[in-house]
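Before any comments, here is the structure.
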Amino acid sequence: MLLAAVTKPTIDWAGVSPLIALLGGSIVVLLAGLLRGRFIREQIVPFLTIVAFATTIGLGIWQWDDAKDLFVAKGSQGALRSDDLTLMITFIVSVTGIGAVLLSWRALAPREAAHGEYFALMLTSAAGMVILAAAQNLVSVFLGLELLSVPLYVLCATEMRRERSLESGLKYLIIGSVGSATFLYGLAFIYGGTGATDFRGISQAISSDVAKDSLLLTGIGLTLVGLAFKASVAPFHQWTPDVYEGAPTPVTAWMAVATKAAAFGGALRIFDVALIDAHRDWAPALATLAAITIIVGNVGALSQSSLKRLLAWSSVAQAGYLLAGVVVASRVGVQATVFYLAVYLFMNLAAFAVIAARERETPYGDDIRAVNGLGTSRPLLAWPMTLAMLSLAGMPATAGFIGKFTLIDAAADGGYTWLGVVIVIGSMISLGYYLKVVAAMWMRPSAAADVATRDASGAPRLAGADPITDRADWEVTLVAVLCGAAILVFGVIPSPLLNLADSAGKALGLL
Amino acid sequence: MSLPLSIPLWLPAAAAFLGLFLPGVASRALAILGALGTFAWTLWAIADFERGAKGLQDATDQMWIKPLGIHYKLGLDGLNLYLIALAAFIFLVCLIWAAMKEWEHGGQLFFFFGLAESAVLGALMAQDLALFVLFFDLMLLPFLFLAGIYGPEGTRVAAITKLFIYTLVGSLLMLAAAIATGVLVSQQTGNDLSFAFSDLQASPLGKGSQEWIFLCFAAAFWVKMPAFPVHGWMPDGYKNMPLPVLAVFSAVLSKVAAYGFLRVVLPIFPDAAVHFQDLMLVLALGSILYGSAMAFTTTDARLILGYSSIAQLGFITLGIFSLTGDGSQGAILQSINHGLVVAPAFVIVAYLAERAHGSEDIRDMGGIAFRAPVLATLFLIVVLANLAMPGSSNFVGEFLILFGVFHSKLVIASIAFVGVGMAAVYSLRFLIRTMHNRVGPEVESREISFREGLVLVPLVTVILFLAVYPQFAIHKAEPGIARAVAPAALIAHEENVVSDAAVHPKPASVR
């Protein structure tokens, strides 16, 4: 009886294809990792992972400009939606994935965790991210969130013999679970308040005023908290510095960029689609949160001497900037958020690539001393890092400048000029630490001399790699250089990327 | 036939960039050739410039970032014509000067020099507010590296960070204000977002908006000038730059700030300019008195010039905010004069330091004129120009400024005259302590060499030329400058008429 009531959904295989590529890829990679040959495990498996990500991008391009609901059962809206916003997030996640695979290629983490598992987990979490960004149903939102989180908990702990890595994984697991639980609780309240799980139903319920206000508002608040945990929005950001620092650097790079993109993709869907009619209720709260996040993140970063912690705090601040685009709930706002996410990818990947390279070359781990004198000793690493820092700080001629410009533009356009001013104030504070890194690279003597004077036990102070067995190879430099070039190119010719972001903004169709 | 402005604009940066890939001597030659090409173009542009023609000449207008409404719009008019020529000239001379010395990592130095020149020219040529802000911020970036890499060991990082944070705080405020201007104007007119000066000028904002936006712009320009009381970065910054870099910085960058007032603030925010006129005049007066007093008390040759620049920039601000055509013409003329005086002054400081075993303290010098009459004569010309001796072009500039202020604010003009007197005191003290008196303890008196003359003589020649024929530096600019001040002047005039009428009611018979 019950089974008969469940109707089989219509599945648009073309629309689901990018997701299938990721999930299928993860199975293939997992199986390939079981093969015995060392060459297969260490070379073929990462290569297959890159192929999976590249295939996802290819299928995404094929689906571009073709908006449709996926998994549509009779009378429902469909669990997922494939449109330009979903695809933009998919692209960002996949490009980050390719970068992270290159950073992991000869790193310690996959060797300790077994290559097949490591890369399969990466692909699985990527699939979770895509689902989160595509979800238009409370259930699929939660599914996406969990599918992205659980593999990440494991990935953080993949350097099993390093205490900090295990600690990082455990910390992330516990705090992440709290976040997930809160999020789920919030979703339940939203369902309770509106009687619908799909976004269109929720939106209709709110607009036709059947929503039970207190239930709905509680739900919105708890959902916001849950997403804030994932996107490291203050005051739910405390895990970020510890987890970023403890996790293996390639994992940190992956987590920092891709998770943020997915979380903001999800936030855009929930707030700017499902809850759009309650905009006046949540927008001031979100704006306040954004302002707090910007200040907390930037002030927190000022005193850091570990580059990974510094970037963690900076990512908190950047989350605050990004929220501005969500707050205004306009097409310009979505465009600004998506554009900044894309730019954020290049800035952070470049920075993490350089950190990964220096971890393997110097005994300082991710301490800022590791990049001392990089300008003269390794210009190919110093330039991307310089561009990344200047771009994160919002200097002109870099993509970060245009990104900030679009965000402030969106804030001013949506009547939140004060938030634009807060973004500016945050950028001012951020100069204090971004310039510190630039100064270390160009204005301090090289650390090359120190490498020889490694301490007598031969055990270097580390944050994730062993300089004796690891070598910073061409692929890490390649990631840094390509991302640096992208920062410059999109700083001078931003229109193509802005147009892509604009069609993502159009996809929400709300405005 | 006229050359597209993009060519002279980007030529220095392009030449210097190519130089990065060439061996030492070739890279220098290429960088100089680039600057020379641009300078030659400016001479031709002055000759070609049509006096009194309305609108821009040699304009380039292309859509650059369509979604953000940013135009790549460049153009020449009376306001920027001579300042562009000044910048090209000073950059060329200082580049030649720098090329005569040996530098570690010299290729980079010339690259940053070229980039700086293009950025400064861009800020001067830009006819779009967003483009202006972009170039305005960008021109600081090369100086971060020039000072940070080539400055003295030890203190440079802290000093440069301070300089950078000071100036960028202003610039970022300006960024927010610029975006707000564009957004508010577009909301007011209902047109698409546009930052072109002509569009912004066509529909002035309401008074309230104008006022806070004015303050943001003013903050950026004050810091860059530097003006009292936001000059805190100046002593550290000046002490930590290599002299050829400092000469450019002092001679050119501060003028862009003064130019910003005339280009952006007066035409686009005329109501606010009138509203804050008194405040600006008082601050300008503060700069004059404070700068002069400090220049008289310090013994560090660089700081004497630094503080005297604060005073001179005070005069320039005074001229601008007299809100009269005469005052603004004086301000532009004085901008050119100050650039032409301060650059050779720094050259002389370098020559003096070489003769005093590296000391730049004027107490260590003295008596150089005895064996070096040619150097002393050249110095005398520079000093007399600096103190605005009648017969020098500076005299004409100061005269115009004070004439303008006399018209609007008698009291302020009277106090400003004290500054004129003080300029004579500190300038002559500088000359006498270094050139005359008894021979200093560390001094090795030596006549100027041919190579040294190669740098100094062209600069002094131009001073002499302008002393004889000051009209050259202002003639073609007059109509353009008058147009820039016109909106604010009109409002100020109306307000004066109204307030006069209130205080002195017209006799009944006249009615």
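The values are calculated or read from the model by the stated rules, or taken from the named source; none is laboratory data. Owing to the predicted nature of the structure, the values given are computational and were not obtained by experimental measurement. Because the Cβ atoms are built from the backbone with ideal geometry, glycine has one as well, and the counts that use them run over all protein chains shown. Accessible surface areas use protein heavy atoms only, side chains included; no ligands, DNA or RNA. Shrake-Rupley method; radii C 1.70, N 1.55, O 1.52, S 1.80 Å.
Estimated from helical segments only, the mean residue ellipticity of chain A at 222 nm is -23500 deg cm²/dmol, where each DSSP H run of four or more residues counts as -39500 (n - 2.57). Histogrammed with a bin width of 5 Å, the alpha carbon distances of the range B:396-460 distribute as 4, 13, 13, 13, 14, 12, 10, 10, 7, 4, 0 percent, first bin at zero.
Mind putting a number on the dipole of the range B:303-462 about its Cα centre? Charges go on the C-beta only, +1 for Lys and Arg and -1 for Asp and Glu, and I need it in Debye to the nearest 20.
Working: 9 positive and 10 negative charges, 42 e Å.
For this selection, approximately 200 debye.
For the range B:1-41, applying the loop criterion from DSSP together with a ceiling of 13 other beta carbons within 10 Å to the chymotrypsin sites (Phe, Trp or Tyr not before Pro) yields B:PHE21.
Within the range A:1-157, all pairs of alpha-carbon atoms sorted by distance into 10 Å bins from zero give the percentages 12, 39, 30, 15, 4, 0. One decimal place: the segment A:GLN238-A:ALA285 gains 14.9 nm when fully extended, by the rule 0.36 nm per residue minus the C-alpha distance. Based on the alpha-carbon gyration tensor of the range B:18-120 and its eigenvalue square roots a ≥ b ≥ c, which shape applies: rounded if a/c is under 1.5, prolate if not and a/b is larger than b/c, or oblate? Oblate, since a/c reaches 1.5 and b/c is not below a/b. When shorter helices are ignored and each DSSP H run of at least 4 residues is given -39500 (n - 2.57), the per-residue value for chain B at 222 nm works out to -23500 deg cm²/dmol. To the nearest 0.05, how large is the calculated FRET efficiency for A:TRP418 and B:VAL425 if R₀ is 41 Å and r is the Cβ-Cβ distance? Computed FRET efficiency for A:TRP418 and B:VAL425 comes out at 0.30. The modelled label-to-label distance for the pair B:LEU279/A:VAL178, using points 7 Å beyond Cα in the direction of Cβ, is 4.6 nm.
Order of B:226-238, B:74-86 by packing, highest average Cβ count within 10 Å first?
Working: B:226-238: 21.2, B:74-86: 23.2.
For the peptides B:226-238, B:74-86, the packing ranking is B:74-86, B:226-238.
For A:LYS8, a cut-off of 25 angstrom between C-alpha atoms picks up these lysines, skipping any fewer than 8 places away in its own chain: A:LYS68, A:LYS74. Based on protein heavy atoms only, chain A ends up with 33 Å² per residue of surface accessible to a 1.4 Å probe. If you look at the Cα atoms of the range B:1-75, you get an Rg and a Dmax of 15.6, 47 Å. Which residue, chosen from B:ALA272, B:TYR238, B:ILE65, occupies the Cα position most advanced towards the positive end of the dipole of chain B, where the dipole is computed from +1 (Lys, Arg) and -1 (Asp, Glu) charges on Cβ about the Cα centre? Toward the positive end, the furthest listed residue is B:TYR238. Using only alpha carbons, the range A:252-396 has a radius of gyration to Kirkwood radius ratio (Rg to Rh) of 1.04. Let me see the P(r) profile for the range A:4-97: every Cα-Cα distance counted, bins of 10 Å, each bin given as a percent of all pairs. Percent of pairs per bin, in order: 16, 38, 26, 15, 4, 0.
Helix B:393-408 axis versus longest C-alpha principal axis of chain B: approximately 30°, rounded to the nearest ten.
Which order do the peptides A:410-422, A:173-185 take when ranked by the mean count of other beta-carbon atoms within 10 Å per residue, highest first? Show your work: numbers first, answer last.
Working: A:410-422: 23.0, A:173-185: 17.7.
For the peptides A:410-422, A:173-185, the packing ranking is A:410-422, A:173-185.
Within 10 Å of each Cβ in A:133-139, how many Cβ atoms from other chains are there, averaged over the peptide?
Mean inter-chain Cβ contacts per residue within 10 Å come to 0.
Total lysine pairs in chain B at Cα distances under 13 Å, for residues eight or more apart or on different chains: 4.
Projecting the Cα positions of B:VAL282, A:SER82, A:VAL328 onto the charge dipole of the protein assembly as shown (unit charges on Cβ atoms of Lys, Arg, Asp and Glu, taken about the Cα centre) puts B:VAL282 furthest along the positive direction.
Starting from the Kirkwood radius over alpha-carbon pairs of chain A, derive D by Stokes-Einstein at 10 °C in a medium of 1.306 mPa s and give it in µm² s⁻¹. Please report the intermediate quantities before stating the final value.
Details: Rh = 22.7 Å.
The calculation lands on 70 µm²/s.
With the convex hull of the Cα atoms taken as the outline of the protein assembly as shown, the averaged projected area works out to 47.3 nm². One quarter of the convex hull surface built on the alpha carbon atoms of chain B amounts to 24.7 nm², the projected area averaged over directions. Distance between the pseudo-spin-label points of A:ASP213 and B:VAL25 (7 Å out from Cα toward the beta carbon): 8.3 nm. In a fully extended conformation the segment linking B:ARG51 and B:ASN437 would gain 134.1 nm over its present Cα-Cα distance, using 0.36 nm per residue. In terms of the Cα gyration tensor, with a ≥ b ≥ c the square roots of its eigenvalues, is the range B:270-337 rounded because a/c is under 1.5, prolate because a/b exceeds b/c, or oblate? Judged from the Cα gyration tensor, the range B:270-337 comes out oblate (a/c at least 1.5, b/c at or above a/b).
Can you tell me the FRET efficiency between A:SER446 and B:ILE7 if r is taken as the Cβ-Cβ distance and R0 is 51 Å, rounded to the nearest 0.05?
Result of the calculation: an efficiency of 0.85.
Estimated translational diffusion coefficient (Stokes-Einstein, Kirkwood radius over Cα pairs, 4 °C, 1.567 mPa s) of the range A:103-190: 94 µm² per second.
Protein heavy-atom surface of the protein assembly as shown, 1.4 angstrom probe: 67% of the accessible area is carbon and sulfur, with nucleic acids and ligands not counted.
Across peptide B:173-185, what mean number of C-beta atoms from other chains lies inside 10 Å of a residue's C-beta?
Numbers: counts 4, 1, 10, 14, 4, 2, 13, 8, 1, 3, 11, 3, 0.
If you average over the peptide's residues, the count of other-chain Cβ atoms is 6.
Which FRET efficiency value, to the nearest 0.05, do you get for B:ALA40 and B:THR461 by plugging their Cβ-Cβ distance into 1/(1 + (r/R0)^6) with R0 = 22 Å? Once the sixth-power term is evaluated, E becomes 0.85. Relative contact order, whole percent, for chain B stands at 16, derived from Cα pairs under 8 Å and 6 or more residues apart.
In the distance distribution for the range B:360-488, Cα-Cα pairs more than 20 Å apart total 58 percent.
Please work out whether the range A:67-132 counts as rounded, prolate or oblate from its C-alpha gyration tensor, where a ≥ b ≥ c are the square roots of the eigenvalues and a/c under 1.5 means rounded, while otherwise a/b larger than b/c means prolate and anything else oblate? Write down the numbers at each step before the final one.
On the way: a/c = 5.97, a/b = 2.33, b/c = 2.56.
Judged from the Cα gyration tensor, the range A:67-132 comes out oblate (a/c at least 1.5, b/c at or above a/b).
Sorting A:SER214, B:SER194 by accessible area puts them as A:SER214, B:SER194; the probe is 1.4 Å, largest comes first, and only protein heavy atoms count.
For the range B:89-182, the set of GluC sites (Glu not before Pro) satisfying both a DSSP loop assignment and a count of at most 12 other C-beta atoms within 10 Å is given as B:GLU102, B:GLU104, B:GLU153.
Dividing the Cα convex hull volume of the range A:319-404 by residue count, how many Å³ per residue is that? Could the numbers behind the result be given before it?
On the way: hull volume 7.5 nm³, N = 86.
Dividing the Cα hull volume of the range A:319-404 by its residue count gives 87 Å³.
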